[in-house]
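First comes the structure, then the notes that go with it.
Any read-out appearing in this document is the output of simple, stated calculations on the displayed coordinates, not a laboratory observation. All of these numbers come straight from a predicted model, not from anything done at the bench. Here Cβ is always computed from backbone atoms with ideal geometry, including for glycine, and neighbour counts include all displayed protein chains.
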Amino acid sequence: MTTATPALEVPPSGVPPLTRPEMGLAGVGALAAAGVGALGLISSFDAVSAAAASWGFSAPWMLPVGIDVSIPVFTVANLLLIRMDMALAWVRFVPWVLTLITCGLNIAAGHSLSAKVAHGTMPLLWVVFSEIGAHVYAVRIGAATGRRMEKIRFSRWLLAPLSTFALWRRMTLWEVISYSNALALERERLLARADLRERYGRRWRSKTPRRERVMLRMGELAPATEQETPAPPLVNPPAPPVKPKPRPRRRPTSKATGKVQRTFDEVLTEARTLTAGWSDAELTADRIRTTVRVSQDNARKLRDALKTERANGPQLHAVP
């Protein structure tokens, strides 16, 4: 007995899901990133507190705590907005601004260049890790909902920057989220443009109908360069061909006499009609042979068949 192997589920993004070891590795990396980010925020506590005290804060610890807590809060808020398909572009920059403030205060607290770099790098790690997590989360949500627009390869931007910008512009304007579909539409548009130039010449832009120019500019639908012309109606349409009638089958004839041969049923029907008034004693093979004009063998068969029919049929009694 064979069991069917269950098919692997392919997510809408086309990327296979993470295996259990990969999930464990990602969890360890997330915990390590959170720990490093927390260390960076704790290390900046003294520098930001000292700056707050110099600014006249009655409770200097409130400034570093408020800034350090606001950074993860706005990061989580950005992820929730992405999850509910209500993303706000400016929300993701709030943690960056708060981190830059923290970095500036830490850099000011350093006495040497190396100290300034060290003080400024630690708080920056939290925002870097949070941006990585937000990017992964946003990409997965966009792939699941089908609203994420695929990016164009960087190599194409280097090789053909102008045409790539035009392609990116059409993808953005007409919501073409698939890069492969956008390339297919671009190829159709270029072929349609070449057909129009071959059809109208060098001044094809001014000679092409406005509707086709708009369709070409949209990039979604290639213009119909070759329109089908309807066939002219026929003045005298030809008469439908007459099918020949099937010829009747010729009945077999005798080679000796050239007469049409009769089947046994036809001979029996004829004999039944001719011998209707005969008595049983008169049903002899010789009389049937001369009357119906059949062979002696067929006459005996007709006699037996007629006598059998009379024996099986209803008995007739004379009425006085």
Worksheet item: Relative to the Cα centre, what is the charge dipole magnitude of segment 264-311, using +1 at the beta carbon of each Lys and Arg, -1 at the beta carbon of each Asp and Glu, and rounding to the nearest 20 debye?
Response: 100
Response to the item:
Restricting to aspartates and glutamates and to Cα separations under 17 Å from K301, and discarding same-chain partners fewer than 8 apart, the set is D265, E266, E270, D280, E282, D286, E309
Fill in: Qualifying GluC sites (Glu not before Pro) for segment 134-218 [loop in DSSP, other Cβ within 10 Å: at most 16]
E150, E175
Worksheet item: What is the spin-label model distance, in nm, from T19 to V36 if the labels are put 7 Å beyond Cα along the C-beta direction?
Response: 2.5
Practice prompt. Under a cut-off of 18 Å between alpha-carbon atoms, report the aspartates and glutamates in cross-link reach of K207, not counting same-chain residues fewer than 8 places apart.
Written response: D195, E198, E226
Worksheet item: Quick one: putting +1 on the C-beta of Lys and Arg, -1 on the C-beta of Asp and Glu, what dipole do you get for segment 154-218 around its Cα centre, in Debye to the nearest 20?
Response: 480
